[in-house]
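The values are calculated or read from the model by the stated rules, or taken from the named source; none is laboratory data. Just so it is clear, the model here is predicted, and its values are computed rather than measured. Cβ atoms come from the backbone with ideal geometry, glycine included; neighbour counts cover every protein chain shown.
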Amino acid sequence: MDYNFREIEQKWQKHWKENAVYKVLNNSNKPKYYVLDMFPYPSGAGLHVGHPLGYIASDIYSRYKRLQGFNVLHPMGYDAYGLPAEQYAIQTGQHPEKTTFDNIARYRSQMDKIGFCYDWSREVRTCTPDYYKWTQWAFLQMFKHYYDKDADKALPIDNLIKIFEKEGNAKVNAATNFDTTFTAAEWNAMTDKEKRAVLMNYRIAYKADTMVNWCPKLGTVLANDEVSDGLSVRGGFPVEQKVMSQWCLRVSAYAQRLLDGLEKIDWTDSLKETQRNWIGRSEGAEMRFRIDGTDDYFTVFTTRADTTFGVTFMVLAPESEYVAKVTTDKQRQEVEKYLDAVKRRTERERIADRKVSGVFSGSYAVNPFTGDKIPVYISDYVLAGYGTGAIMAVPAHDSRDYAFAKHFNLPIIPLIEGCDVTNESYDAKEGVMCNSGFLNGLQVKEAIAAAKKYISEKGIGKVKVNYRLRDAIFSRQRYWGEPFPIYYKDGEPFPLDESELPLKLPEIDSYLPTETGEPPLGHAKNWNTKEGYPLELNTMPGFAGSSAYYLRYMDPTNNNALVSKDANNYWRNVDLYIGGTEHATGHLIYSRFWNKFLFDLGYICEDEPFKKLINQGMIQGRSNFVYRVVGTNKFVSLGLKDQYQTQEIHVNVNIVKNDILDTEAFKNWMPDFKNAEFILEDGKYVCGWAIEKMSKSMFNVVNPDDIVENYGADTLRLYEMFLGPIEQSKPWDTNGIDGVHRFLKKFWGMMFSGDELTISDAEPTAEELKILHQTIKKITFDIEHFSYNTSVSAFMICVNELSRLKCNKRAVIEPLIILIAPFAPHIAEEMYHLLGHDTTVCDASFPICNEKYLVENTVKYPISFNGKTRFTLELSADASKEDIEKTVLANEQTAKFLNGGSPKKVIVVLGRIVNIVI
RNA sequence: GCGGAUGUGGCGUAAUUGGUAGCCGCGCUAGACUUAGGAUCUAGUGUCUUGCGACGUGUGGGUUCGAGUCCCGUCAUCCGCACCA
């Protein structure tokens, strides 16, 4: 009987759907296991063959865990808010919801064809009010909480108000940029408006004037992770720095916990390292420098307090608020000229062109260690966003300061014995200090500690840990996102009441900014509260909806909570999360932050959302080329192309097989090629190839639907896994797919002889059992280690060997079917059914390896010499002592080891050689 | 510059974790069955050599009886961060 995969797959997909086979309940005696895929943004292009890679891997693991008796939560949904749908709406006027839902339908049908075991009853879409109600709810919680550094958690802002009323803010240790101290009396004397302004500095979701990444082309601000090399990640448009009043999330308050949390989760080292870099912890000191001739100070952050004796000038970032204070009248014109020039450069230009520039402010600062007067400069090599936006410059030991000093001819004082700073700075933290007063003679590391101690003791500054991680800019001037549950009264923001959620996204006529430059929501009619107060016009960014979606799957229809306590206590957090590395510094930071915040408030029971994370590699495209003889309509095969002058043309990979062009299909592919002629080699047209990104323009997009149509979903699933290790990026190459398809046919054929189903109930032989149990052992090990490519190989070997033995015994084939079910569920289901079962294969139990069938007929003998295992001899299990000794003498390795001499004695204990005496 | 990862046949990869390098698959070669083959089956397929045999895991050293695997250096590719003080 032929392996009719089309019929089998349709039949079982229908059965699974109709019987809700993969529906999961929130209560079970079984242990839970939560397997999650990063939900996709449904783009208009649909899924290509690379997208399901991670989904297949997680599906295999889900099915495996289920077969092992776990209650497995394996949901799927859509990250439905996003720029492309909105850009499309601007171009076509079509409502982004329409496009998004159409795309979702397409995604769903593509996914369904692959036979995933998602519990679709739990589907979430971030753009539906039922869902974003909880995104808005979380935002309100963030608005109503502040971060207490002593408690090291988020606490209600009401608590803070009580403290202010009782004792002011002097003892409050909270995450804030607010540095004014007030007493209880001062607080109580403030107007409500003043109080709200103060509190805004403490809220975890707060509105502030901040330097933002403004993308004029997209008409919106972007978060740091949405900008790369001064260009927007989406669209690649230039981004500039600009001060705007924006909603922000105080992610930085969680920097240390986000860092510490990495220790207890099972992610790859490289991903953890990426997050550590992004968080960017650095230990140092904050130091105050007095501005000469005034009582004013400014503060710098440094990790090299030990080099303070070598500070020969100071530098401020152009955007620093100190700039105005230190600029003297004499220098004003020049400073303004410089600031203007800096302002006009985009971030991108600033990065591209790093030649030294700067201007003297006219003021001097006083070095707190030496009392020397040192000039204060302004330069764009100092970033406003990091530390305090001001630095102490140590040209001898910092390459950037060095370049600046050389350019402006400023003094360079070496501080480490024997270092040579005539041509470059000495940046290494090694050596013995000199020219450094009380630090002389110390090693650099000792000096850093001593200098920090001195700074604290003398009140010059304090020891400080700085993080690169910035607060997340949380507003976007776009339409297609979650509305903020915020309204304005006298220009001041107020939160809506939780009972008013969800605040639904209104319909608008135009998706462009308003004429007055307001975001698109400015077009909405009646965009007010009941009382007539205007609502916030910004919407939330893409990461808002994806930050807690994993919690919502636990309890997707709950109208009273994001997730009920019971559901959360049962499912806890994600055991296995699979997705791409591109979210390393975006989603994976934000959702950890979001989760920790909800954890602080006691709504959820786990501090980290994703216990284990696997990054599937990217699937690149494998493009094919034809070679057109220049100026003709002749196409020459790859091997002969050097004899002509040719032009390389991308050809649709779907009309090429094994790099051989289907010439007829080529003629029909495009009108231009209708009369194409071919110069063949060996009667074939051989195409060239290259690995490129999978994209329409390269004609190398392979659609999973086509593979399913031609080979079946099971073949697609197996082949994607067979391609190589899951974490590795690799090109898609349909060429090898016949191999796994053949394997499935062979596997199918094991149950038939001709068209007749032939299953024997005979006892399996020892050899058959050994093959089976070896395979069980190998597959179990491989699945546990996510080594699916070797699993597929193991299946192939197993089926080859059993076919060779013509094994058609139920006792062998049935466990094998269950073993293979996670990988190729449709064929397994059908075969399981043919064996007479009326339950589905996913209710079976995963086979367990019985070691007794694996007993080797050889035994390994480790050979020790002088107490150290030297090598291993492999002998037949029933070898006698004499056999062993004889083998030892005859063994080439042993002979080499013994260096030609013969052993006086071979000591054998319990049939095991433990020592050889020469 | 800092950090992470990877280098094995024509190609994708594997190697019981220090023990016969190249499993499995693609491709290729030959053969069988076929009107036919882009179907199926069988055998072969790292390189050099007629052969015996020698060489062989980017590269150079080292440790070891034994190294793809461990150590030191070096080259190449990919990724992350980057005027971060």
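Residue by residue through the stretch A:614-642, note down the ones that are in a loop (DSSP other than H, G, I, E, B) and touching a residue at least 60 places away in the same chain (Cβ under 8 Å).
Passing the criteria: A:Gln616, A:Gly617, A:Met618.
Give me the pairs: first residue in the stretch A:739-752 and among the basic types (Lys, Arg), second residue outside any helix (DSSP H, G or I), beta-carbon distance under 7 Å, and six or more apart or on different chains, which are they?
Once the first residue is among the basic types (Lys, Arg) and sits in the stretch A:739-752, its partners that are outside any helix (DSSP H, G or I) give A:Lys745/A:Tyr3.
A:Trp16 fails exactly one of the following numbered conditions: (1) more than 28 Å from the chain's Cα centre (by Cα); (2) within 26 Å of A:Asn700 (Cβ to Cβ); (3) modelled with pLDDT of 95 or more. What is the number of that condition?
Single failed check for A:Trp16: (2).
Look through A:Thr328, A:Thr312 and report the one residue that is in contact (Cβ under 8 Å) with a residue 12 or more places away in the chain, surrounded by 15 or more Cβ atoms within 10 Å (Cβ to Cβ) and either within 15 Å of RNA strand B (Cβ to nearest atom) or of a type in the set (Ser, Thr, Tyr) (or both).
Just one listed residue meets the conditions, A:Thr312.
Picking from A:Asp209, A:Asp229, A:Asp130, A:Asp225, which residue would you name as being modelled with pLDDT of 95 or more, under 36 Å from the mean Cα position of the chain (by Cα), acidic (Asp, Glu) and within 30 Å of A:Asp79 (Cα to Cα)? First the steps, then the outcome.
On the way: A:Asp209 fails: modelled with pLDDT of 95 or more; A:Asp229 fails: modelled with pLDDT of 95 or more; A:Asp225 fails: modelled with pLDDT of 95 or more.
Just one listed residue meets the conditions, A:Asp130.
Got at least one residue in the stretch A:765-783 being part of a loop (DSSP other than H, G, I, E, B) and either more than 13 Å from RNA strand B (Cβ to nearest atom) or surrounded by fewer than 24 Cβ atoms within 10 Å (Cβ to Cβ) (or both)?
Yes, the stretch A:765-783 contains a residue that is part of a loop (DSSP other than H, G, I, E, B) and either more than 13 Å from RNA strand B (Cβ to nearest atom) or surrounded by fewer than 24 Cβ atoms within 10 Å (Cβ to Cβ) (or both).
Does A:Ser270 fit the bill of being among the small types (Gly, Ala, Ser), within 13 Å of RNA strand B (Cβ to nearest atom) and in contact with a Ser or Thr (Cβ under 9 Å, 6 or more places away or on another chain)?
Yes; evaluated as a whole, the condition is true for this residue.
Output the strands (runs of 3 or more DSSP E) that fall wholly within the stretch A:451-564 and possess 1 or more residues being more than 16 Å from RNA strand B (Cβ to nearest atom) and not charged (D, E, K, R), or say none.
Details: elements: A:461-466, A:486-489, A:492-495.
The strands (runs of 3 or more DSSP E) meeting that bar are A:486-489, A:492-495.
State all residues of the stretch A:196-218 that are under 21 Å from A:Thr539 (Cβ atoms) and among the charged types (D, E, K, R); if no residue qualifies, say none.
A:Arg203, A:Lys207, A:Asp209, A:Lys217
Among the numbered criteria (1) of a type in the set (Gly, Ala, Ser); (2) part of a helix (DSSP H, G or I); (3) over 44 Å from the mean Cα position of the chain (by Cα), which one does A:Ala762 miss?
(2)
Inspect all residues belonging to the stretch A:260-268 and state whether any of them is polar (S, T, N, Q), at pLDDT below 90 and either in contact with a Gly (Cβ under 9 Å, 6 or more places away or on another chain) or in a helix (DSSP H, G or I) (or both).
There is no residue in the stretch A:260-268 that is polar (S, T, N, Q), at pLDDT below 90 and either in contact with a Gly (Cβ under 9 Å, 6 or more places away or on another chain) or in a helix (DSSP H, G or I) (or both).
For the stretch A:424-449, enumerate the residues that are farther than 12 Å from A:His397 by Cα, surrounded by fewer than 18 Cβ atoms within 10 Å (Cβ to Cβ) and within 16 Å of RNA strand B (Cβ to nearest atom).
Result: A:Lys445, A:Ala449.
Pick out, from the stretch A:144-228, the helices (runs of 4 or more DSSP H) lying fully within it that include 1 or more residues that are in contact with a His (Cβ under 8 Å, 6 or more places away or on another chain).
Qualifying helices (runs of 4 or more DSSP H): A:157-167.
Scan the stretch A:624-642 for residues that are surrounded by 20 or more Cβ atoms within 10 Å (Cβ to Cβ), closer than 20 Å to A:Asn675 by Cβ and among the polar types (S, T, N, Q) and report the count.
Number of matching residues: 1.
Might you check whether a residue that is under 36 Å from the mean Cα position of the chain (by Cα) and modelled with pLDDT under 85 occurs anywhere in the stretch A:663-678?
no
List every residue pair whose Cβ atoms sit under 8 Å apart, with the two residues 6 or more apart in sequence or on different chains, where the first one lies in the stretch A:709-735 and is polar (S, T, N, Q) and the second, anywhere, is assigned to a helix (DSSP H, G or I) and more than 10 Å from RNA strand B (Cβ to nearest atom).
A:Thr715/A:Phe5; A:Thr715/A:Ile707; A:Thr715/A:Leu744; A:Thr734/A:Val653; A:Thr734/A:Ile707
What residue, among those in the stretch A:643-695 that are basic (Lys, Arg) and either in a loop (DSSP other than H, G, I, E, B) or in contact (Cβ under 8 Å) with a residue 60 or more places away in the chain (or both), is surrounded by the fewest Cβ atoms within 10 Å (Cβ to Cβ)?
So, considering only residues that are basic (Lys, Arg) and either in a loop (DSSP other than H, G, I, E, B) or in contact (Cβ under 8 Å) with a residue 60 or more places away in the chain (or both), the one surrounded by the fewest Cβ atoms within 10 Å (Cβ to Cβ) is A:Lys674.
Considering each residue of the stretch A:367-417, count those that are surrounded by fewer than 22 Cβ atoms within 10 Å (Cβ to Cβ), aliphatic (A, V, I, L, M) and within 12 Å of RNA strand B (Cβ to nearest atom), and give that number.
Count: 3.
I'd like to check something: does the stretch A:70-79 contain any residue that is in contact with a Gly (Cβ under 8 Å, 6 or more places away or on another chain), within 25 Å of A:Pro704 (Cα to Cα) and in a helix (DSSP H, G or I)?
no
Residues that are part of a strand (DSSP E or B) and within 7 Å of RNA strand B (Cβ to nearest atom): does the stretch A:343-351 have at least one?
no
Specify the residue that is surrounded by the fewest Cβ atoms within 10 Å (Cβ to Cβ); the eligible residues are those in the stretch A:793-807 that are near RNA strand B (Cβ under 7 Å from one of its atoms) and of a type in the set (A, V, I, L, M, F, W, C).
A:Ile797
How many residues does the stretch A:321-336 hold that are outside any helix (DSSP H, G or I) and touching a Phe, Trp or Tyr at 6+ places or on another chain (Cβ under 8 Å)?
Matching residues across the stretch A:321-336 total 0.
Of these, A:Tyr577, A:Tyr603, which one is at pLDDT 90 or above, away from RNA strand B (no atom under 14 Å from the Cβ) and within 22 Å of A:Gln275 (Cα to Cα)? Spell out how you get there, then give the answer.
Numbers: A:Tyr603 fails: within 22 Å of A:Gln275 (Cα to Cα).
Being at pLDDT 90 or above, away from RNA strand B (no atom under 14 Å from the Cβ) and within 22 Å of A:Gln275 (Cα to Cα) holds for just one of A:Tyr577, A:Tyr603, which is A:Tyr577.
What number of residues in the stretch A:252-275 are under 16 Å from A:Asp600 (Cα atoms) and under 17 Å from the mean Cα position of the chain (by Cα)?
2
Taking the condition of being more than 9 Å from RNA strand B (Cβ to nearest atom), crowded, with 20+ Cβ neighbours inside 10 Å and either assigned to a loop (DSSP other than H, G, I, E, B) or among the β-branched types (Val, Ile, Thr) (or both), how many residues in the stretch A:728-753 meet it?
Residues flagged as more than 9 Å from RNA strand B (Cβ to nearest atom), crowded, with 20+ Cβ neighbours inside 10 Å and either assigned to a loop (DSSP other than H, G, I, E, B) or among the β-branched types (Val, Ile, Thr) (or both) within the stretch A:728-753 amount to 2.
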